[in-house]
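Here's the structure we're looking at; comments come further down.
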There are 2 protein chains.
Amino acid sequence: MEGISAEASSLAGHLKLDNLILLYDSNNITIEGSTDITFSDDTAKRYESYGWKVYTADGHNKEEIKKVIEEAISYKGAPKLIIFKTHIAYGTPTKQDSASSHGVPLGEDEIKEMKKKFGLPEDNWAEKYPEKAKELKIYREKEIPADFIDKLLEAVSEKAEATRVSSGNVIQKAGEVLPFITGGSADLEPSVKCHIKKAESIKPNDFAGRNQHFGIREHAMGAYMNGMALYGLFIPYGATFLVFSDYMRGAIRLSALMGTQVIYVFTHDSIFLGEDGPTHQPIEHIGSLRIIPNLTVIRPADAFETAVAWEMALKNKTGPTALILSRHNLPQLHKEKTMEAIEAVRKGGYIISKEEKAAKFVLIATGSEVSTAIEAQEILKSEGIDVRVVSMPVPEIFEKQSEEYQKSVILENIPIIAIEATRTRDWDRFVKDDGLVIGMKSFGHSAPAKVLAEKFGFTGKSIAEKVKKMGEN
Amino acid sequence: MEGISAEASSLAGHLKLDNLILLYDSNNITIEGSTDITFSDDTAKRYESYGWKVYTADGHNKEEIKKVIEEAISYKGAPKLIIFKTHIAYGTPTKQDSASSHGVPLGEDEIKEMKKKFGLPEDNWAEKYPEKAKELKIYREKEIPADFIDKLLEAVSEKAEATRVSSGNVIQKAGEVLPFITGGSADLEPSVKCHIKKAESIKPNDFAGRNQHFGIREHAMGAYMNGMALYGLFIPYGATFLVFSDYMRGAIRLSALMGTQVIYVFTHDSIFLGEDGPTHQPIEHIGSLRIIPNLTVIRPADAFETAVAWEMALKNKTGPTALILSRHNLPQLHKEKTMEAIEAVRKGGYIISKEEKAAKFVLIATGSEVSTAIEAQEILKSEGIDVRVVSMPVPEIFEKQSEEYQKSVILENIPIIAIEATRTRDWDRFVKDDGLVIGMKSFGHSAPAKVLAEKFGFTGKSIAEKVKKMGEN
């Protein structure tokens with residue numbers, strides 16, 4: 001019944017995944033009672049409509065089960081559904097019947113026989129096929145070379161660009177070095193920029209490509225990526241608009257719980273996507289992702305931070321990472337691509353624009369608001385108010401740094417202003433009674449990004465005025 | 001492609017909604033290109049499998065369009081899908097052709113003729129059927145009587161019980177007074193207790209009942225409720241486990257954005273649901289719901305607060321409400337059901353257990369943690385440490401009270417300890433540098449509730465120890 005089953009089954013049918021056999025234990029019982037209460041689907045017909053081959057069998061008849069599974073294994077060209085008609089808690093199984101077929105390992109000899117029967121390699125595969133074994137090793141180990149960041153930094157542009165574009169450029173470089181990364185989007189490729197240009201797309205009967213087309217199926221995209229990561233040979237990434245992350249939270253949560261290395265690429269990350277309006281403008285999404293345990297959420301401020309963010313995601317082997325990217329162009333804030341600058345981003349938070357002499361305020365910002373904070377700093381400087389600007393792409397990683405480092409970045413006993421165009425409680429712990437959070441309280445509006453920046457107070461001028469007012473009090 | 005279309009269409013087919021006609025503009029184009037890239041469904045067959053009547057027609061042929069719509073209208077016994085084969089941006093429409101058929105109101109005479117043709121009442125319906133008109137008025141106005149809360153309080157038990165059970169008892173009382181409330185659950189009725197016992201269930205061909213069976217279709221449940229609320233004659237409620245709120249966030253967000261009066265009943269609200277383990281234990285959900293603009297999230301501490309919470313939800317006409325309810329039994333904390341006590345809950349936060357003389361600490365808690373905080377207060381009292389306990393079912397409403405009231409509840413210059421078995425940043429703004437948040441940092445574990453309370457520090461004893469330690473520093 002769950003929609004994700006429709007999403008996943010439709011995609012499997014389209015891709016003709018004929019090594020997939022789905023066993024459906026059809027006992028007509030749900031928690032509320034008989035499925036008749038809410039369910040009249042003709043399941044066989046439904047799966048045929050997805051392009052599956054469908055079988056029906058008695059789920060209590062061992063001979064019939066064996067026969068139908070063998071038939072399904074030998075059928076080629078489509079995924080297979082076997083509907084086993086069963087009765088829940090059917091009869092009372094004798095110990096004798098269950099002992100040999102249930103809960104006991106098959107044993108080495110039986111496995112060898114079974115492999116032979118199904119035409120699977122028995123053993124010594126690596127000796128027989130040393131080249132293939134070598135290739136498999138690369139996919140199994142998924143090693144990131146030591147100089148990997150240098151490669152990614154080749155993609156960093158000097159002109160202003162959206163971080164979704166920067167991300168697309170970084171993926172080209174990452175794809176050249178790492179054969180085991182593969183991904184795509186939920187029907188938004190022209191917008192989310194996730195296509196590896198030098199690679200083919202995955203198609204029915206042709207899985208040599210590296211670009212995936214998930215269709216308009218966000219939840220299935222997340223589940224699909226979890227499956228790929230658990231399989232062990234790939235690091236998958238999947239992209240959509242940040243606001244649609246809601247559709248796939250079930251899968252994101254499972255990535256975090258299972259600790260799968262999955263990379264979620266979420267673009268169009270704020271009201272600044274503009275005219276598509278409040279249905280498409282994420283407000284609560286960054287905050288609601290940050291509180292999922294074991295999910296690393298990174299919101300880079302420019303192309304340089306985006307390159308380091310991708311490196312962090314590809315090295316984060318114990319859980320999923322979400323990259324939060326802008327639709328609109330952002331200025332490049334990093335003139336020098338030094339190891340020190342790389343290390344600073346990796347620390348989750350760092351001084352991106354220092355005060356002249358003695359800071360009266362510290363402005364913390366993320367993503368597109370970092371350059372706005374630097375604009376505010378300029379304006380304030382011209383009026384004799386000296387402030388520091390901190391970029392904090394990952395507050396949770398910043399808080400893992402030494403207390404000494406943290407204090408050197410967000411100075412003690414100085415009012416802190418946190419700026420992020422989102423509705424979140426994530427900054428309350430940084431901003432004490434004498435500070436201020438500049439964020440979103442309501443849903444957005446449909447208007448050009450510039451108009452929205454004025455309306456909701458995300459301009460250098462508006463921020464500078466708020467800071468000045470705080471100085472007067 | 002989206003899973004919700006499968007969920008909703010399956011349910012519509014099951015209920016044989018024959019006044020529903022879905023027009024499918026099938027132009028074979030998605031954002032990434034031709035639908036061939038990711039889609040091979042036989043859509044007609046798929047909808048037939050849901051029990052729909054399916055038509056196919058040329059979407060550019062006016063005569064054919066008219067004919068097929070008339071056919072669909074007259075067909076009874078199933079919802080109807082008309083697949084219109086179209087070409088996007090087909091041809092160049094002349095002004096002449098579009099003027100009469102597109103974007104211009106039909107005019108009163110034409111509407112009268114059309115109504116006559118389809119057997120709809122022309123006008124003067126209210127005069128012809130005064131009894132029905134009276135009934136319709138009740139459903140349109142959805143008035144809550146002045147003494148409504150008294151009725152709900154009749155449901156409040158004196159013995160310990162889970163707030164999901166309290167909620168079920170309150171629904172019985174509400175259902176007696178308000179004919180326009182209707183709801184159900186996504187296949188969890190035995191657990192979420194949302195059934196109006198004196199009413200029938202909605203069935204195919206029989207819509208007189210008030211209990212809905214949504215099936216295992218959370219996203220469709222939310223969308224269905226939004227539709228009912230927009231229709232204007234009902235206040236719908238829908239229940240599932242809090243952890244499954246993730247599956248329906250798309251619909252919850254739309255409730256908030258559109259301001260529909262929809263009541264989400266989320267039970268099994270913490271790790272204390274026990275053995276079902278981390279997949280079922282909500283950790284980040286309360287926090288991620290609280291940051292959706294215009295969604296009121298209420299987490300009651302006992303049966304009395306649950307009754308007031310339902311009243312608040314039924315009176316909240318400008319947006320959705322989420323009720324967050326426990327699986328496990330909670331003691332009844334309200335001995336006297338006075339107007340003062342009712343008003344206190346409505347304020348979003350209030351003193352539930354006062355200090356003896358002068359409080360050294362203020363403990364803020366919600367839901368099941370309120371009684372735990374009171375246990376801690378008892379232990380601390382026996383050791384000579386005087387503390388106050390505040391129940392805060394809705395922090396956002398508490399913050400709308402006068403500054404004077406807020407300060408009278410959470411005293412100034414006294415350390416605050418916030419206790420909630422969830423992962424959220426919602427308490428950072430209450431708890432200053434000298435305070436403490438006792439919450440969840442990780443996912444939960446599968447174990448009995450008591451064991452988990454010990455492990456994660458949600459016992460009166462554990463909290464008392466932490467408070468004592470703070471007193472020593």
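Each Lys and Arg Cβ is given +1 and each Asp and Glu Cβ -1; about its Cα centre, region A:25-90 then shows a dipole of about 320 debye. The amide H of A:VAL387, built 1.01 Å from its N in the peptide plane, has A:GLU356, A:LYS360 as neighbours under 5 Å, considering only residues 5 or more places off or on other chains. Averaging the Cα positions of each part gives two centres, and for region A:258-315 and region B:340-390 these lie 39 Å apart. Sort out for me the Cα centre separation of region A:204-253 from region A:21-76, rounded to whole Å. Computed from Cα coordinates, the inter-centre distance equals 26 Å.
Across identical copies of the chain, B:LYS381 has label-point separations of 6.1 nm, listed in ascending order, with the point defined 7 angstrom from Cα along Cα→Cβ. Between B:ALA208 and B:TYR75, what's the calculated FRET efficiency when r is the beta-carbon distance and R0 is 22 Å? Round to 0.05. Efficiency for this residue pair is about 0.45. At a threshold of 40 Å², the residues of region A:208-229 that become less accessible to a 1.4 Å probe in the full protein assembly than in their chain on its own are A:HIS213, A:ILE216, A:ARG217. Compute the long axis of helix A:460-472 from its Cα atoms, compare it with the longest principal axis of the Cα atoms of chain A, and write down the angle in degrees, 0 to 90, nearest 10. The helix A:460-472 is inclined about 60 degrees to chain A. About its Cα centre, the protein assembly as shown has a charge dipole of approximately 180 debye under the convention of +1 per Lys or Arg Cβ and -1 per Asp or Glu Cβ, with nothing else charged. Across all C-alpha atoms in the protein assembly as shown, the radius of gyration and Dmax reach 30.0, 90 Å. Principal-axis analysis of the Cα atoms of chain B puts helix B:62-74 at an angle of about 60° to the longest axis. Each of B:LEU230 and A:LYS337 was given a label point 7 Å from its Cα along the Cα-to-Cβ line. The distance between the two points is 4.8 nm. Across chain B, C-alpha contacts under 8 Å between residues 6 or more apart give a mean separation that, scaled by the residue count, equals a relative contact order of 12 percent. Ordering A:ILE196, A:SER34, B:LEU153 by the projection of their Cα atoms onto the charge dipole of the protein assembly as shown, which places +1 on the Cβ of Lys and Arg and -1 on the Cβ of Asp and Glu, puts A:SER34 at the extreme positive end. The lysine pair tally for region B:144-216, using Cα distances under 23 Å and a gap of 8 or more places or different chains, is 12. Taking all protein chains together and a 1.4 Å probe, the residues B:TYR75, A:TYR231, B:TYR405 rank A:TYR231, B:TYR75, B:TYR405 from largest to smallest accessible area. Converting the Cα gyration tensor eigenvalues of region B:399-473 into ellipsoid dimensions via √(5λ) gives semi-axes, longest first, of 26, 16, 10 Å.
Here the 3J(HN,Hα) profile of region B:164-170, calculated from phi with Karplus coefficients 6.51, -1.76 and 1.60 at θ = phi - 60°, is 5, 6, 4, 4, x, 5, 5 Hz, Gly and Pro shown as x. For the protein assembly as shown, with all protein chains in place and a probe radius of 1.4 Å, 52% of the accessible heavy-atom surface sits on carbon or sulfur. Temperature 4 °C, viscosity 1.567 mPa s: under these conditions the Stokes-Einstein estimate for region B:192-334, based on its Kirkwood radius over C-alpha pairs, is 83 µm² per second.
Using a ≥ b ≥ c from the Cα gyration tensor of region B:360-429 (square roots of the eigenvalues), is it rounded, prolate or oblate, where a/c under 1.5 gives rounded and otherwise the larger of a/b and b/c decides, a/b for prolate? Oblate shape, in that a/c is at least 1.5 and b/c is the bigger or equal ratio.
Per residue, region A:197-297 exposes an accessible area of 28 Å² to a 1.4 Å probe, with every protein chain left in place. Distance from the A-onto-B rotation axis is smallest for the Cβ of the chain A residue given, in whole Å, as A:GLY3, 1.
Across region A:421-435, rounded Karplus estimates of 3J(HN,Hα) from the backbone phi angles (6.51 cos²θ - 1.76 cosθ + 1.60, θ = phi - 60°) give 7, 8, 9, 8, 9, 5, 9, 4, 6, 8, 8, 7, 4, 8, x Hz, Gly and Pro being marked x. A Förster distance of 22 Å, applied to the separation of the beta-carbon atoms of B:GLU356 and B:TYR405, puts the FRET efficiency at 0.50.
Entry note, region A:247-393: relative contact order of 25 percent, from Cα contacts under 8 Å with a spacing of 6+ residues.
Spherically averaged projected area of the convex hull of Cα atoms, region B:129-181: 4.2 nm².
Our summary gives region B:139-197 a relative contact order of 35 percent, counting only alpha carbon pairs under 8 angstrom and 6 or more residues apart. For trypsin sites (Lys or Arg not before Pro), the sites in region A:124-162 that DSSP calls loop and that have at most 11 other Cβ atoms within 10 Å are A:LYS159.
Please compute one quarter of the surface area of the Cα convex hull for region B:1-76 and express it in square nanometres.
Answer in nm², one decimal: 5.6.
Under 5 Å from the amide H of A:ASP42 lie the amide H atoms of B:TYR50, B:GLY51, each residue being 5 or more positions distant or on a separate chain, with H modelled from the backbone and absent for Pro and chain starts. Once B binds A, the 1.4 Å probe can no longer reach about 6100 Å² of accessible area, counting both sides. With K and R counted +1 and D and E -1, the other residues having a Cβ less than 11 Å from that of A:LYS354 yield a net charge of -1. Taking the Cα centre of region B:191-306 as reference, the dipole from Cβ charges on Lys and Arg (+1) and Asp and Glu (-1) amounts to some 380 debye. If R0 is 60 Å, the Cβ-Cβ spacing of A:LYS317 and B:SER26 corresponds to a FRET efficiency of close to 0.85. Only DSSP H runs of four or more residues enter the estimate; each adds -39500 (n - 2.57), and after division by the residues of chain A the mean residue ellipticity at 222 nm equals -11500 deg cm²/dmol.
Could you tell me the convex hull volume per residue, in Å³, taken over the Cα atoms of region B:314-383?
With only Cα atoms used, region B:314-383 gives 132 Å³ per residue.
Max-minus-min Cα coordinates of chain A on each principal axis give 87, 57, 41 Å, with the largest extent listed first.
Return one number: the angle in degrees, 0 to 90 and rounded to the nearest 10, between the long axis of the Cα atoms of helix B:303-315 and the longest principal axis of the Cα atoms of chain B. Once rounded, one gets 40 degrees.
Normalised by 2.2 N^0.38 Å, where N is the number of residues, the C-alpha radius of gyration of region B:393-433 stands at 1.19.
The values are calculated or read from the model by the stated rules, or taken from the named source; none is laboratory data. Keep in mind it's a predicted model, so treat the numbers as computed, not measured. Note that each Cβ is placed from the backbone with ideal geometry, even for glycine, and that neighbours are counted across all protein chains shown. Ligands, DNA and RNA are excluded from the accessible area calculation, which covers all protein heavy atoms including side chains. Shrake-Rupley method; radii C 1.70, N 1.55, O 1.52, S 1.80 Å.
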